[in-house]
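Below you'll find the structure, written out as structure tokens, and then a few comments.
The values are calculated or read from the model by the stated rules, or taken from the named source; none is laboratory data. Just so you know, these numbers come straight off a predicted model, no measurement behind them. Note that each Cβ is placed from the backbone with ideal geometry, even for glycine, and that neighbours are counted across all protein chains shown.
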Amino acid sequence: MASETYKPPVDKLLTYADCSKLKELPNYIEEFGFGKEHIPDLIRLARVK
């Protein structure tokens, strides 16, 4: 499988943290500043197998 690349700030999700070890989920929208323009990359990231 080819390595996927993502533009900032979506690329930061790849190295953020092991979510299974977090006590509470962060507010990703506030923390990373996601907006409507990031939706295509977020969907693409969620679909990676």
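Against the conditions (1) in a loop (DSSP other than H, G, I, E, B); (2) more than 12 Å from the chain's Cα centre (by Cα); (3) modelled with pLDDT of 90 or more, GLU37 satisfies every one except (1). Of the residues making up the range 12-49, those that are among the acidic types (Asp, Glu) and surrounded by 10 or more Cβ atoms within 10 Å (Cβ to Cβ) number 2.
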